[in-house]
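Chemist: Mind looking over this structure? Questions follow.
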Amino acid sequence: MRKKIAILGSTGSVGCQVLDIIDKFPNQFEVLLLSASKVSEKLINQIKRFKPKYVYLKEYANLDGVKVLSGREGIKETASLYADLFVNAVSGIDGVEFTYHLLQNGKTLATANKEAIVCLGEILGEKFKEIIPLDSEHSAIYQTLENINFEYVKNIYLTSSGGPFLNKDLKEFKNITVEEALNHPKWSMGRKITIDSATLLNKGLEVIEAHYLFNIPYENLKVVIHPQSIIHGLVELIDGNICAHLSDTDMRFPISYALFYPERKDVGLKKLNLFEIQKLEFFEPDTKKFPLLKLAIEIGKKGGAYPIVLTVADEIAVNKFLEGKIGFLDIYKVIDETLNKASFEKPKSLEDILYIIEKTKQIVGGIVC
Ligand SMILES: NC(=O)c1ccc[n+]([C@@H]2O[C@H](COP(=O)([O-])OP(=O)(O)OC[C@H]3O[C@@H](n4cnc5c(N)ncnc54)[C@H](OP(=O)(O)O)[C@@H]3O)[C@@H](O)[C@H]2O)c1
């Protein structure tokens with residue numbers, strides 16, 4: 001029997017890499033649903049190639065030969081379909097409702113959408129145990145923890161390449177262009193996560209994601225700069241042993257792990273040649289240069305509505321930067337000012353979270369138009 005897969009965000013960087021692997025194993029996978037925000041040539045080509053029964057679109061559009069689901073009702077319908085695996089590769093806050101309904105319906109979910117984990121952590125934390133992480137660092141830790149009794153875990157280390165500005169002088173940060181910030185040294189990703197990787201806020205979101213996914217206190221979560229990006233995660237045990245996960249820098253490693261889970265398959269990716277690795281370096285992050293990393297961890301510790309406010313403010317600020325409306329350093333300023341202005345009760349439901357998201361959008365709108 002072929003595994004039925006539903007891919008949310010199929011036209012994006014992660015989504016296309018999921019389909020890249022599925023395409024190589026037509027006898028093992030069947031695509032039940034594709035999804036994107038809008039109709040595009042890429043989506044049309046994917047529909048022709050993979051012949052899904054359903055397509056989810058943010059806004060309804062007629063498409064020949066498939067049942068189109070759309071809007072908020074469509075998210076609920078999507079989450080009630082029968083699939084062996086749902087992949088959430090939607091970018092940003094739009095991934096929140098998908099993850100919520102999929103987990104509430106007990107579906108098997110592999111997710112790259114860290115924003116949903118960060119926003120839903122306060123209300124759905126318990127259900128996160130069922131998730132197969134797709135973020136490379138979290139997949140690395142998940143794989144490392146496979147054979148470890150969690151009571152022996154002392155610390156979890158998330159590695160970061162340091163992004164394109166690791167060695168840039170702070171004095172030059174004010175002149176950073178969109179093009180420079182999009183030029184990540186190790187990973188080719190969607191635009192939003194690439195900018196988050198340049199400010200290191202991405203790593204801050206990943207710390208919050210790890211806190212909720214692995215149910216581990218912030219004190220035991222460490223970030224280490226590792227420019228070679230060969231080690232993706234480390235687990236330190238109480239006896240001082242440290243177990244590490246290594247692979248080439250390619251998202252298809254965590255993706256193939258999730259697609260074939262609990263089995264493993266050689267999908268033909270470039271393997272690490274240990275004899276070619278000249279050095280492995282580890283540094284402490286410079287939070288003067290990258291204050292968003294420190295801020296995100298503080299916000300994670302505060303919990304409540306704060307991680308949601310952070311996520312929304314960042315998404316809007318990054319879009320404004322990409323549109324050329326604010327500078328690189330303004331991303332921090334917009335987020336910080338939003339966090340100072342926002343005051344919300346701890347969310348108890350999805351509706352509370354959606355309310356916080358909408359109200360935060362209004363606050364950010366008043367700061368940056
Ligand atoms: N890229 C990576 O290597 C990587 C690594 C780790 C984690 N992640 C995480 O994975 C997620 C996706 O990242 P990405 O880089 O793949 O983003 P991306 O390239 O920008 O792709 C985003 C995808 O989401 C779709 N989408 C956006 N809004 C939607 C909506 N309301 N309903 C349905 N689909 C929607 C987009 O459709 P359109 O094409 O129509 O806009 C596109 O297919 C993010 O949370 C990111 O942090 C990515």
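The values are calculated or read from the model by the stated rules, or taken from the named source; none is laboratory data. Every value quoted in this text rests on a predicted model; they were computed, and no experiment measured them. All Cβ positions, even for glycine, are placed from backbone atoms using ideal geometry, and neighbour counts span all protein chains on display.
Chemist: Restricting attention to the range 152-170, report how many residues are assigned to a loop (DSSP other than H, G, I, E, B), surrounded by fewer than 18 Cβ atoms within 10 Å (Cβ to Cβ) and of a type in the set (A, V, I, L, M).
Modeler: 0
Chemist: Which of (1) in the same structural domain as GLU179 (by TED's automatic domain parsing); (2) more than 20 Å from VAL178 (Cα to Cα); (3) surrounded by 13 or more Cβ atoms within 10 Å (Cβ to Cβ) is the odd one out, the single condition GLN278 does not satisfy?
Modeler: (3)
Chemist: Restricting the search to the range 193-220, which residues are among the acidic types (Asp, Glu) and more than 9 Å from the ligand (Cβ to nearest atom)?
Modeler: Initial filter on the range 193-220 (among the acidic types (Asp, Glu)): 196, 206, 209, 219.
Across the range 193-220, the qualifying residues are GLU209, GLU219.
Chemist: So in the range 319-369, with the set limited to residues that are outside any helix (DSSP H, G or I) and hydroxyl-bearing (Ser, Thr, Tyr), which one is farthest from LEU293 (Cα to Cα)? Walk me through how you get there before you give the answer.
Modeler: Kept after step one, since they are outside any helix (DSSP H, G or I), are these residues of the range 319-369: 323-329, 342-349, 368-369.
Still in the running and hydroxyl-bearing (Ser, Thr, Tyr): 343, 349.
On the way: SER343: 21, SER349: 27 Å.
Ranking the qualifying residues of the range 319-369, first place goes to SER349.
Chemist: For the range 12-51, how many residues are in a loop (DSSP other than H, G, I, E, B), within 23 Å of GLY268 (Cβ to Cβ) and among the polar types (S, T, N, Q)? If you could, list the steps in order and put the result at the bottom.
Modeler: Taking the range 12-51 as the starting set, the residues that turn out to be in a loop (DSSP other than H, G, I, E, B) are 12, 25-28, 37-40, 51.
Narrowing further to those that are within 23 Å of GLY268 (Cβ to Cβ): 12, 25-28.
Then drop every residue that is not among the polar types (S, T, N, Q), which leaves 27-28.
Within the range 12-51, residues that are in a loop (DSSP other than H, G, I, E, B), within 23 Å of GLY268 (Cβ to Cβ) and among the polar types (S, T, N, Q) number 2.
Chemist: What's the number of the condition VAL68 fails, among (1) modelled with pLDDT of 95 or more; (2) more than 10 Å from the ligand (Cβ to nearest atom); (3) within 28 Å of VAL267 (Cβ to Cβ)?
Modeler: The one condition VAL68 does not meet is (3).
Chemist: Could you list all residues from the range 281-300 that are assigned to a helix (DSSP H, G or I) and surrounded by 15 or more Cβ atoms within 10 Å (Cβ to Cβ)?
Modeler: Passing the criteria: PRO291, LEU292, LEU293, LYS294, LEU295, ALA296, ILE297, ILE299, GLY300.
Chemist: Among the numbered criteria (1) closer than 21 Å to ILE156 by Cβ; (2) of a type in the set (D, E, K, R); (3) surrounded by fewer than 17 Cβ atoms within 10 Å (Cβ to Cβ), which single criterion is violated by GLU206?
Modeler: All conditions pass for GLU206, except number (3).
Chemist: Now, a different point. State which residue is surrounded by the most Cβ atoms within 10 Å (Cβ to Cβ) when the search covers only the range 84-138 and only residues that are outside any helix (DSSP H, G or I) and among the polar types (S, T, N, Q).
Modeler: THR111
Chemist: In the range 211-268, which residues are exposed (fewer than 15 other Cβ atoms within 10 Å of the Cβ), of a type in the set (A, V, I, L, M) and part of a loop (DSSP other than H, G, I, E, B)?
Modeler: The answer is ILE238, and nothing else.
Chemist: Here's something else I'd like to know. Any idea how many residues of the range 52-81 are part of a loop (DSSP other than H, G, I, E, B) and either charged (D, E, K, R) or over 21 Å from LEU134 (Cβ atoms) (or both)?
Modeler: So the first thing to find is which residues in the range 52-81 are part of a loop (DSSP other than H, G, I, E, B), and the list is 52-53, 58-66, 80-81.
Now narrow it down to the ones that are either charged (D, E, K, R) or over 21 Å from LEU134 (Cβ atoms) (or both): 53, 58-66, 80.
The qualifying residues number 11.
Chemist: Right, next: Mind checking which residues of the range 139-192 are among the β-branched types (Val, Ile, Thr) and either away from the ligand (no atom under 16 Å from the Cβ) or touching a Cys at 6+ places or on another chain (Cβ under 9 Å) (or both)?
Modeler: The first filter runs over the range 139-192 and keeps only residues among the β-branched types (Val, Ile, Thr), leaving 141, 144, 148, 153, 156, 159, 176-178.
Matches in the range 139-192: THR144, ILE148, VAL153, ILE156, ILE176, THR177.
Chemist: Quick one: which of LEU339, LEU322, LEU310 is over 22 Å from VAL96 (Cα atoms) and in contact with a helix residue (DSSP H, G or I) (Cβ under 7 Å, 6 or more places away or on another chain)?
Modeler: Details: LEU339 fails: over 22 Å from VAL96 (Cα atoms); LEU310 fails: over 22 Å from VAL96 (Cα atoms).
Criteria check complete, one pass: LEU322.
Chemist: Of all residues being over 15 Å from ALA112 (Cα atoms) and touching a helix residue (DSSP H, G or I) at 6+ places or on another chain (Cβ under 6 Å) in the range 1-35, which is farthest from the ligand (Cβ to nearest atom)? Just the residue, please.
Modeler: The residue in question is PHE29.
Chemist: GLY324 versus (1) at positive phi; (2) modelled with pLDDT under 95: which is the lone unmet condition?
Modeler: (2)
Chemist: Only one of GLY121, GLY106, GLY125 is out of contact with any Leu (no Cβ under 8 Å at 6 or more places or on another chain), small (Gly, Ala, Ser) and without any contact (Cβ under 8 Å) to a residue 40 or more places away in the chain; which? So that I can check it myself, show each step before the final result.
Modeler: Numbers: GLY121 fails: without any contact (Cβ under 8 Å) to a residue 40 or more places away in the chain; GLY125 fails: without any contact (Cβ under 8 Å) to a residue 40 or more places away in the chain.
Just one listed residue meets the conditions, GLY106.
Chemist: Further question: If you check LYS192, LYS186, LYS222, which single one turns out to be within 30 Å of PHE260 (Cα to Cα), among the charged types (D, E, K, R) and touching a strand residue (DSSP E or B) at 6+ places or on another chain (Cβ under 8 Å)? Spell out how you get there, then give the answer.
Modeler: Values: LYS192 fails: touching a strand residue (DSSP E or B) at 6+ places or on another chain (Cβ under 8 Å); LYS186 fails: touching a strand residue (DSSP E or B) at 6+ places or on another chain (Cβ under 8 Å).
That would be LYS222, the only listed residue that is within 30 Å of PHE260 (Cα to Cα), among the charged types (D, E, K, R) and touching a strand residue (DSSP E or B) at 6+ places or on another chain (Cβ under 8 Å).
Chemist: Right, here's the next one. I'd like the full set of residues that are free of Cβ contacts under 8 Å to residues at least 24 places away in the same chain and either within 19 Å of GLY15 (Cα to Cα) or assigned to a loop (DSSP other than H, G, I, E, B) (or both), limited to the range 178-201.
Modeler: Selection gives LEU182, ASN183, HIS184, THR194.
Chemist: Specify which of the listed residues (LYS58, LYS76, LYS51) is surrounded by fewer than 18 Cβ atoms within 10 Å (Cβ to Cβ) and either within 27 Å of VAL318 (Cβ to Cβ) or within 12 Å of the ligand (Cβ to nearest atom) (or both). Please lay out each step first, then the result.
Modeler: Numbers: LYS76 fails: either within 27 Å of VAL318 (Cβ to Cβ) or within 12 Å of the ligand (Cβ to nearest atom) (or both); LYS51 fails: either within 27 Å of VAL318 (Cβ to Cβ) or within 12 Å of the ligand (Cβ to nearest atom) (or both).
Testing whether each residue is surrounded by fewer than 18 Cβ atoms within 10 Å (Cβ to Cβ) and either within 27 Å of VAL318 (Cβ to Cβ) or within 12 Å of the ligand (Cβ to nearest atom) (or both) leaves just LYS58.
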